[in-house]
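Here's the structure, in structure tokens; my notes come after.
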Amino acid sequence: MLIYFLKSVMYLFQIKDSLNSLVILAHFLLAISGLGYTQDLYESISIGSPEDRLGHTAVWTGNEMIIWGGFGANEVALSTGGRYNPSTNIWTPISNQQAPEPRGGHTAVWTGNEMIIWGGFGANEVALSTRGRYNPSTNIWTPISNQQAPKPRGGHTAVWTGNEMIIWGGISQNSYLDTGGKYSPSTDIWTPIPNQQAPEPRGGHTAVWTGNKMIIWGGTNQNGYLNTGGKYNPLTDEWSEVTTREAIIGKLLHGAIWTGQHMIVWGGFYDENTPINTGARYDPSANVWTSISNQQAPEPRGGHTVVWTGNEMIIWGGTNQNGYLNTGGRYDLSTDKWVPISVRDAPVARFGHTSIWTGKYMIVWGGTDDKIPLNTGGRYDPSTDKWVPISVGDAPVARFGHTSIWTGKYMIVWGGYGRNGVSLRGGGKYDSSTDRWTP
């Protein structure tokens, strides 16, 4: 299958015959060149939902999910979107007056009152630096300054610090970048980020905000997959090295979480045919990686999901050289010990699913099993080590590569791929207290 590399924050990788040519997703979902597109697979959803798309962004405002941009039919870039309110089950179209030009593979951050869109790729895969701020309370877009803004790119990362958006890395005109910028919406001013001591150029990396630093890790460039990174302090405007000593060797499709004090990285593929089941936790204050135990750890894999419960990391699903998995494990950071997860009543083996943490349960839904999309899932209770299948009544049609968010009451599923690679619109909201789906 032809891989369509969008040069964006989303990447698709195709594992070779040993993994049944499974198309897997690294960090985020990509569009696939040549995917058949049809309008036959629509669902019963609230009137006014955005048109079918992928490569879009989604942010949660506290009471609404905002979808914007992406690629629609025939890979046409979009500049449309919508706001979904789960309490009323109503979509509200987003104004396109003064909206950024059509694009996909861009980044979006939520500031507390505005969504900021930046970068991505437009028509003919041209990298963009145009951008805009959207205020859902007024339904108004405001252009933002381009003075001293980073050069056009996709495949970059964006984090929100509480008062600034930080853009870094990515790809521009087939070149990997090690540059970026800080944007202050209160002053509408960009400040370039120095590249002295910055990590080597890359795209498709991850970025986490610790409360005072941005940590960059992994990604890819012309030399291959990377297991290096860096820390950026916006107050001092300085980069410092992230040590690679004791760092995880996996470079692709690993799982990563932020615990509040540590970044934990686990699993992934060392190369296209070699999954691993080792991991490490990184303390940015000490610049130290500490290997985590692999006794009773889940079997090697990549493309698994990871949730953080507040005291445990839960790994589930994914794939390795033997196929798809429905196994997992819980890792206790305080004891450095793994506990296997029960497979009794667990969902069937899968990849491309989503997992969310409700505060009590891990809910797994969707994904694909041997390229067959699924609309099944399960609730896992770590306190009892028990799975409970979730209802399929009124559930969205089978899909993988979708997005899921937790609102505090509902899990909202939207978009993704259906059968025969069809990109889907719409979704559903799931109430775990009643085990019911609402289209």
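The values are calculated or read from the model by the stated rules, or taken from the named source; none is laboratory data. Small disclaimer: the values here were computed from a predicted structure and weren't measured. Here Cβ is always computed from backbone atoms with ideal geometry, including for glycine, and neighbour counts include all displayed protein chains. Note: areas computed on protein heavy atoms with side chains; ligands, DNA, RNA excluded. Shrake-Rupley method; radii C 1.70, N 1.55, O 1.52, S 1.80 Å.
Relative contact order, whole percent, for segment 181-297 stands at 16, derived from Cα pairs under 8 Å and 6 or more residues apart.
Couplings for segment 165-179, taken from phi via the Karplus curve 6.51 cos²θ - 1.76 cosθ + 1.60 with θ = phi - 60°, read 9, 10, 9, 8, x, x, 10, 9, 6, 6, 10, 7, 10, 10, 10 Hz in order; Gly and Pro are left as x. Positive end of the dipole of segment 67-138 (Cβ unit charges, origin at the Cα centre): among G82, G70, G112, the Cα lying farthest that way belongs to G112. Cross-link pairs exceeding 29 Å in C-alpha to C-alpha distance, out of K182/K337; K337/K386; K231/K429; K213/K386; K386/K409; K386/K429, comprise K182/K337; K231/K429; K213/K386. Simple rule: put +1 on each Lys or Arg Cβ and -1 on each Asp or Glu Cβ in the chain, find the dipole, and look at P192, H254, T61; the Cα lying farthest toward the positive end is T61. Considering only the Cα atoms of the chain, their convex hull presents on average a projected area of 19.1 nm². For the chain, a crude dipole built from +1 on the beta carbon of Lys and Arg and -1 on the beta carbon of Asp and Glu, taken about the Cα centre, is about 180 debye to the nearest 20. Residue-wise HN-Hα couplings along segment 79-92, as the Karplus relation 6.51 cos²θ - 1.76 cosθ + 1.60 with θ = phi - 60° gives them from phi, are 10, 10, x, x, 10, 10, 9, x, 6, 10, 6, 10, 8, 10 Hz; Gly and Pro carry x. Given a cut-off of 25 Å, what percent of all Cα-Cα pairs of segment 146-260 lie beyond it? Considering segment 146-260, 18 percent of its Cα-Cα pairs are separated by more than 25 Å. Under 13 Å from the 7 Å Cα→Cβ point of V288, by amide nitrogen: which residues of segment 219-249? It comes to 246, nothing else. With a simple spin-label model that places each label point 7 Å from the Cα along the Cα-to-Cβ direction, the separation between N85 and N195 comes to 4.6 nm. For trypsin sites (Lys or Arg not before Pro), the sites in segment 191-280 that DSSP calls loop and that have at most 10 other Cβ atoms within 10 Å are R245. Think of a 1.4 Å ball rolled over the protein heavy atoms: segment 211-287 then has 40 Å² of accessible area per residue. Relative to the current alpha-carbon distance between T335 and T61, full extension at 0.36 nm per residue lengthens the span by 95.1 nm. Here the 3J(HN,Hα) profile of segment 422-429, calculated from phi with Karplus coefficients 6.51, -1.76 and 1.60 at θ = phi - 60°, is 6, 7, 10, 10, x, x, x, 10 Hz, Gly and Pro shown as x. Computed with a 1.4 Å probe on the full set of protein chains, the accessible area for Y324 sits at about 40 Å².
Here the gap between D370 and T138, fully extended at 0.36 nm per residue and compared with their Cα-Cα distance, gives a gain of 79.0 nm. Only the Cβ atoms of Lys and Arg (+1) and of Asp and Glu (-1) were treated as charged; on that basis the dipole of segment 321-439 about its Cα centre amounts to roughly 260 debye. Projecting the Cα atoms of N227, V288, Y430 onto the charge dipole of the chain (Cβ charges, centred on the Cα centre) puts Y430 farthest toward the positive pole. Taking a ≥ b ≥ c as the square roots of the eigenvalues of the Cα gyration tensor of segment 114-214, is the shape rounded (a/c under 1.5), prolate (a/b larger than b/c) or oblate? Oblate, because a/c is 1.5 or more while a/b does not exceed b/c.
With an 8 Å cut-off on Cα pairs and a minimum separation of 6 or more residues, tell me the relative contact order of the chain in percent. Once divided by the residue count of the chain, the mean separation gives 11 percent. Within the shell defined by Cβ-Cβ distances under 9 Å, the residues around V339 carry a net charge of -1, with Lys and Arg each +1 and Asp and Glu each -1. Between N74 and D271, the modelled label-to-label distance comes to 4.3 nm, taking each label 7 Å out from Cα in the direction of the beta carbon.
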